[in-house]
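Heads up, the thing below is written out as structure tokens.
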Amino acid sequence: MKDLLNKLKNGIEKFEGSTEESIEKFRVDYVGKKSKINKLFEDFKKLSVDEKKKYGKPINDLKTLAKERLISLSQKSKKKTATRSNKIDFTLPPQEDTIGALHPLRIVRNKIIKIFRDIGFSIEEGPEIEKDWYNFTALNFPKNHPAREMQDTFFISKDPDMVLRTHTSNVQIRLMEKEKPPMRVIIPGRVYRNETVSAKSHCFFHQVEGLYVDKDVSFKDLKDTLYYFAREMFGEKTKVRFRPSYFPFTEPSAEMDISWKNGWLEILGSGLVDPNVLKNCNIDPNEYSGFAFGMGIERIAMLKYGIEDLRLFSENDKRFLKQFRGVH
Ligand code: DAH
């Protein structure tokens, strides 16, 4: 017994080791339930009364020694890892900086909003999941009218018909139902069409709608306003041209092109609000008139920044997005 005690005491005192594994081994060997010291306590029970008197204290002392040694070993190792992790290695390459950028669609949206805000337009928004009435019927697209074919639609439910809105024009109706003229608003938002995704078309995109209703609003007001917009957006020298077109909710209707490189590019649809649409919203067309327009944000961003693939806007590729750092 005496030899065994000495041997264990030696082992404890001479133990060297600072790694987590070696300290764990020390714990298992000397302090844990199945340790050599616990085994000593088992053997102790079998000793004679005299021997018990003799070895009781040394065994207990050994146990205390092992425990204290374990504590000091693990404290030392903790200190070591702490100093190691506090050290900064200045020779490492810097971490990639993580400054973000505004999304190009957000940049263009903000620009459009600012341009119209400066001339007194306010901002409105509306739902993307919409009743047939607001997306189509009240805008003068009767049921089964071929004009509905212009916009390939995602239907959410039938009877009552609910759609993912195909344009932001739904908010025109919501607003005119709710408020009395004069009103001068722009309406940015996301819209959906059942189109195959490609470089040129997508199943969701963004529009900004405009609506101005008051007494004596004329086609001249529409042209002046959109000409001002084109110059603010694309530069002082920009020219515009209006081509007759068709939309169910405007009469007359026109598409606006801007001068671009050596030709013309279509950027929006517009027109005078159809009297039927005013009537659908309980506004008297004999007293009030208005103009409306709608443009695609992606299209304008593609022109301004020379982006050739519509899918880039929604792929979240950092190599694309970080090119807009610092652009507002
Ligand atoms: N809603 C039309 C579209 O998505 C765009 C449009 C054309 C909106 C003429 C208007 C407008 O407000 O007057 O194709």
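Here are some notes:
- Meets criteria (without any contact (Cβ under 8 Å) to a residue 60 or more places away in the chain and of a type outside the set (A, V, I, L, M, F, W, C)) for Tyr227: yes
- Pairing residues of segment 241-269 that are open to solvent by 60 Å² or more (accessible area, probe 1.4 Å) and of a type in the set (Ser, Thr, Tyr) with residues that are within 9 Å of the ligand (Cβ to nearest atom) and modelled with pLDDT of 95 or more, at Cβ distances under 7 Å and at least 6 apart in sequence or on separate chains, gives Tyr246/Ser253.
- Number of positions in segment 131-162 that are on the phi < 0 side of the Ramachandran plot, of a type outside the set (Gly, Ala, Ser) and within 13 Å of the ligand (Cβ to nearest atom): 11
- Selection of helices (runs of 4 or more DSSP H) fully inside segment 241-328 by the criterion of at least 2 residues being within 15 Å of the ligand (Cβ to nearest atom) and within 18 Å of Val108 (Cβ to Cβ) returns 297-305.
The values are calculated or read from the model by the stated rules, or taken from the named source; none is laboratory data. Quick caveat, the model's predicted, so the values are computed rather than measured. No Cβ is skipped: glycine too gets one built from the backbone with ideal geometry, and neighbour counts run over all protein chains shown. Remember, those area values only see protein heavy atoms, side chains included, never the ligands or the DNA or RNA. Shrake-Rupley method; radii C 1.70, N 1.55, O 1.52, S 1.80 Å.
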